[in-house]
Structures are given as structure tokens and as C-alpha cells.
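Report on one structure; see the data block that follows.
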Amino acid sequence: MMIFTTILVLIALVAEVGARIGYDLSVATDEATWTCLNDAIPANDVFAIVRVFRNVGQVDTNAADTLISGSKAGVRDLGAYIFPCIQSAPSSVANNVTCGSADDQVSASLSYLESNGVYINGYNDDKSTSKDPVLNKIWLDIEDEVPSKYFSEDISQNTDYLS
């Protein structure tokens with residue numbers, strides 16, 4: 001009952017302020033789950049951003065299927081995000097993670113998406129068909145904890161890396 005009430009409140013707020021509901025997904029999400037979400041909130045009012053690169057230096061191999069499932073369920077405003085892996089970050093050092101360069105992480109993400117039939121608006125339009133999911137944006141997920149965990153404690157080093 002609590003979930004139903006929460007969904008009703010969210011729908012009322014969306015209608016009142018003209019806002020949209022957004023999902024940040026970092027787990028595999030199938031078409032049935034997307035459809036369930038869309039039954040509560042009209043697909044045109046939904047956007048979703050799915051993790052395509054993990055801060056452990058690897059492509060998230062759930063991303064393509066999740067994006068394809070979202071597209072099949074009717075979500076039209078899809079995006080993906082890269083959670084960058086920085087070699088000097090305390091988490092990377094403590095867990096012996098090899099990150100690769102920022103360029104390599106972006107390239108790996110784009111190659112993974114394309115090789116799995118997910119395309120980016122304005123980037124590889126010539127390769128997609130009308131049935132393929134097309135992402136509107138690729139985002140960078142920049143977040144950290146105190147004390148710093150995912151980035152260097154040297155802010156200028158982080159800025160240089162992300163640039």
C-alpha cells in the first residue's frame with residue numbers, strides 16, 4: 001500500500017509541476033520491470049540513465065540489455081552514464097583496480113554499446129535502425145564520499161583527469 005501511495009503522490013507532483021520522473025539504474029532491469037514502472041507513470045514522462053561503465057575499471061555488461069529492455073517497454077528518453085575509475089583513488093588503490101585512461105574508459109563504453117546494438121544520438125546515427133535504442137546523452141557520474149574514496153584527494157588532479 002505504501003508503494004502505491006508513493007507512486008500516486010509522485011504522479012500528482014509530476015502533473016502539478018510539469019516535471020518528469022527519472023531513473024538511475026546500475027543493475028540489470030528487464031522489460032517486465034520497465035513495463036511495471038511505465039504502468040504507474042506514462043512512458044513519455046520518464047527518462048532513464050543506465051550505468052555503462054563501473055568505477056572498478058570495467059564496462060557494466062548489464063547496460064545494453066537494460067537499455068534495450070527500456071526501449072522495448074516504451075521509454076524514449078534513455079541515456080547512459082560512466083562512473084569513471086581513477087587509478088589514484090583510494091578505492092582503486094585498496095582494491096588493486098586497474099583503471100585505464102579516461103579516453104580508454106569512454107571508448108570502451110561507446111564500443112560496448114555499439115557492439116550490442118545501442119546507439120548515441122548524433123554519434124553513430126548512420127549505423128542505427130529505427131528499431132535500435134538511441135541514447136540522448138552520455139553522462140559522467142561524479143560522486144564521492146568523505147573521506148575521498150573514488151577520486152584523488154587532490155582536486156586539481158581530478159579536474160585534469162576528467163578534462
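Scalar couplings 3J(HN,Hα) for segment 19-28, obtained by applying the Karplus form with A = 6.51, B = -1.76, C = 1.60 to θ = phi - 60°, are 7, 10, 8, x, 10, 10, 10, 10, 10, 4 Hz; x denotes Gly and Pro. Whole-Hz Karplus values for segment 110-116 come out as 5, 5, 4, 4, 4, 5, 10 Hz, taken residue by residue from phi with 6.51 cos²θ - 1.76 cosθ + 1.60 and θ = phi - 60°; glycine and proline positions read x.
Amide H contacts of Y23 (H built 1.01 Å from N, in plane; Pro and chain starts excluded): F47, A48, I49 sit under 5 Å, all sequence-distant by 5 or more or on other chains. The HN-Hα couplings worked out from phi for segment 82-91 by the Karplus form 6.51 cos²θ - 1.76 cosθ + 1.60 (θ = phi - 60°) are 9, 9, x, 9, 10, 4, 7, 5, x, 5 Hz, whole numbers, x standing for Gly and Pro. Annotation: amide H of K137 within the under-5 Å range of A80, sequence separation 5 or more or interchain, hydrogens built in the peptide plane.
Coordinate-derived values only; no laboratory data. Since this is a predicted model, take the numbers as computed values, not measurements.
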